[in-house]
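Here is the structure we will look at, set down as structure tokens.
The values are calculated or read from the model by the stated rules, or taken from the named source; none is laboratory data. Source: prediction; values computed, not measured. Quick reminder, even Gly has a Cβ in these numbers, built from the backbone with ideal geometry, and neighbours come from all protein chains shown.
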Amino acid sequence: MLKASHLRKDFTAVRAVDDVSFEVKRGAIFGLLGRNGAGKTTTIRMVLNILKPDAGTVTFDGLPFSERTRNLVGYVPEERGLYRKSTLLDTILYFARLRGMSGALARSEALRWLDRFSLRPYAQRKVEELSKGNQQKVQFIIAIIHNPQLVVLDEPFSGLDPVNQILLNDIFLELKQQNKAIIFSTHQMDQAERLSDALCLIDRGKVVLNGLLRDVKKQYGKNSIHLEYAGDGTFLRLLNGIKNVMVSENSAELHMEDGANPQTILSQIVGKLEIRKFEVHEPSLHSIFLHAVGEQELMA
Amino acid sequence: MNKTLVVAQWEYVEKVRSKAFLIGLFLTPMIIVAMGVLPGLLADKENETTKVIGIVDATGELAQPLARRMERYTLSNGQPNYLTRFVAVGTTINLPAAIRDADSMVERGELDGYILLDLRGRKDTTVEYRSKTAGDIRLVNRLGEHVRNILSERRLIARGIDPSILDDLRVPIELRTVKIAAGEQEETDFVKTFFSAYIFIMAMFFLIFTSGQLLVRSVLEEKSNRIVEVLVSSCTPKELMFGKVLGLSAMGLTQMAFWALIALAVLGKVGSTAFPPVEQILLMVVFFILGYLFYSAIFIAFGSPVTTEQEAQQLNGYLVLFVILPVALVLPVMQHPDADWVKVLTFIPLLTPTFMALRIPVQMPSTGEILGAIALLIAATYLMMIAAGRIFRVAILATGKRPSLAEIWSWVREG
């Protein structure tokens with residue numbers, strides 16, 4: 001549905017986005033990953049035609065961005081705010097009409113969504129009188145009220161309270177069922193791993209990884225060991241056949257060297273720690289991320 | 001509905017509904033009325049008390065008749081307006097000592113002031129009124145008038161002429177100025193012309209400032225809470241900009257219309273004959289709209305890169321200068337609507353609307369000049385709007401440090 005090809009954007013002295021290409025399909029959740037400042041927001045702005053790319057194109061169903069397309073996208077920007085002095089209902093109606101909805105339809109849809117998010121009693125309240133969590137709900141309503149075909153959310157989970165995290169999860173899945181396309185950016189890999197069907201990892205403006213989540217993971221193979229234990233795990237770094245180790249309190253993520261045997265690794269640990277869990281699995285997105293970005297760092 | 005109109009409607013309705021707007025709507029006329037009426041009331045109050053006037057007369061002849069005439073004035077409650085007190089009268093008085101005495105009496109509050117009449121050894125006549133405050137113009141005029149009359153009468157008597165002839169000689173005249181315009185004569189009153197032009201300019205700049213400031217504010221708010229990103233993903237920056245200008249202008253006009261109604265209701269009975277001819281009004285409206293749009297573009301161009309409230313206030317300070325300049329030139333232009341320098345300055349877009357508004361009621365400029373000025377202003381407004389639009393498009397997404405002038409210029413050039 002959405003295709004970004006060879007996007008490039010320069011700011012004074014910085015190339016923020018460099019030759020970024022990806023494709024987002026209907027009925028799929030697409031994660032745009034990267035560290036802070038990697039170029040995610042700039043990429044999103046170019047996708048939404050807020051910024052003009054210095055090179056490259058963005059197409060919707062094969063067509064360039066047009067006035068019609070504007071009404072088919074919904075957007076939740078990273079730093080979220082609303083008009084503080086305006087009422088909830090007025091604010092929602094304004095944005096709905098800016099997306100081309102008629103006044104009457106906008107009103108009935110606004111009330112439906114307010115009901116759905118239990119905000120109906122606040123419809124005539126000023127935004128500033130609402131809790132932060134409720135303001136976040138209003139942001140979501142604004143992004144989806146006009147039944148968009150593509151919804152773009154920039155860091156949607158940052159600063160979200162737990163109740164709204166679940167709500168947002170539900171919205172994601174609902175939109176997916178309705179065969180809509182969803183792009184969300186994040187620097188939290190566990191979120192991306194749970195939600196996304198496909199992903200694009202950007203670092204310093206360049207694409208590092210791109211494709212379906214399962215393909216990306218397959219590419220890295222079953223070369224990770226998840227270990228839970230009691231005892232002092234500092235010696236784990238010195239094991240043979242291990243590329244790198246992430247040790248946390250009472251658990252560790254071990255990356256094996258190519259061709260290493262999990263059994264020999266296990267035998268090195270037995271007796272030194274009280275092992276509670278030993279599992280060979282695909283690497284987490286988090287470790288893939290660190291690995292991929294680490295390679296970048298070496299190349300740079 | 002067109003998205004420009006959606007934006008305009010939003011800006012209009014949200015601002016008109018705000019408390020600040022409602023307060024301004026009623027408070028401003030009250031302040032104006034208070035400023036206009038209170039000093040008058042206070043001044044009248046001042047005139048409602050009897051004043052004690054001292055007389056120091058070194059001629060010895062003027063004090064008596066002057067006192068008689070001054071004491072004829074009465075207040076509205078029947079009390080005398082002035083009481084006189086002879087401090088020193090006679091040809092033999094010690095003048096410096098008399099002045100010292102009188103000064104100290106004023107100092108002590110026994111006298112409101114005193115008049116010093118000393119004609120010795122002089123052909124011209126100098127009369128001094130000395131008081132703590134020099135503000136009572138009516139009293140000074142009355143004193144001057146009577147001293148002059150008394151002296152004139154004395155001179156007539158000295159030549160053996162009946163002083164009552166003086167009353168016949170004083171022919172009351174009223175000076176009317178008549179403007180000669182092709183084939184017709186119309187009476188003009190400089191003050192009225194002045195005020196109609198002045199009201200035009202004040203109205204235009206009032207509108208520019210209220211809506212311009214609100215524009216800068218609303219852009220600032222949308223920038224700081226990042227709503228602007230949602231907006232420009234929904235509509236084009238151009239639609240957003242024109243929507244704002246439209247909505248906030250409508251708000252300013254609502255405010256002015258409301259005040260005009262109040263003014264009409266209050267002043268309704270006072271001479272409504274001062275309306276200029278229709279073609280003048282139409283031309284003024286053309287220059288009003290063009291001037292307003294031109295200045296709005298300037299506000300957008302300089303206002304949209306602003307990133308903090310403090311900067312917005314500073315900016316307003318600078319923009320006031322733009323506005324003061326034409327206002328400062330009001331009088332000279334109206335006095336010399338024909339002068340070459342006026343004609344030249346008329347063709348600087350910043351001054352065109354004001355200068356034309358000043359010149360049209362006083363002396364209609366040539367058709368060529370008017371058409372030229374309109375064409376110039378349209379072109380300048382168009383270019384300024386394009387530049388403003390380009391700045392706006394980049395500036396609304398820029399946060400953090402305020403961009404330098406060089407950067408802003410590069411946005412305009414790159415388009």
> Does region B:181-188 contain at least one residue that is modelled with pLDDT under 80 and under 22 Å from the mean Cα position of the chain (by Cα)?
Replying inline: yes
> Can residue A:52 be described as part of a strand (DSSP E or B), over 27 Å from residue A:176 (Cβ atoms) and either more than 13 Å from chain B (Cβ to nearest Cβ) or not aliphatic (A, V, I, L, M) (or both)?
Replying inline: no
> If a residue has to be part of a helix (DSSP H, G or I), loosely packed, with under 15 Cβ neighbours inside 10 Å and basic (Lys, Arg) to count, how many in region B:367-415 make the cut?
Replying inline: 1
> Out of (1) out of contact with any strand residue (DSSP E or B) (no Cβ under 9 Å at 6 or more places or on another chain); (2) assigned to a loop (DSSP other than H, G, I, E, B); (3) buried (at least 17 other Cβ atoms within 10 Å of the Cβ), the odd one out for residue B:358 is which?
Replying inline: (2)
> Taking residue A:36, is it within 14 Å of chain B (Cβ to nearest Cβ), part of a loop (DSSP other than H, G, I, E, B), among the polar types (S, T, N, Q) and within 25 Å of the chain's Cα centre (by Cα)?
Replying inline: no
> Exactly one of (1) surrounded by fewer than 19 Cβ atoms within 10 Å (Cβ to Cβ); (2) within 13 Å of chain B (Cβ to nearest Cβ) is unmet by residue A:95. Its number?
Replying inline: (1)
>> Tell me whether region A:111-122 contains one or more residues that are within 13 Å of chain B (Cβ to nearest Cβ) and loosely packed, with under 15 Cβ neighbours inside 10 Å.
In response: no
> Take the residues of region A:228-270 that are within 19 Å of residue A:284 (Cβ to Cβ) and among the hydroxyl-bearing types (Ser, Thr, Tyr): which is surrounded by the most Cβ atoms within 10 Å (Cβ to Cβ)?
Replying inline: A:229
>> Can you list the strands (runs of 3 or more DSSP E) lying wholly within region A:203-300 that have 2 or more residues being more than 30 Å from residue A:23 (Cβ to Cβ)?
In response: A:224-230, A:242-248, A:251-256, A:274-281
> Can you pull out the residues in region A:205-247 that are at pLDDT 90 or above and of a type in the set (Lys, Arg)?
Replying inline: A:206
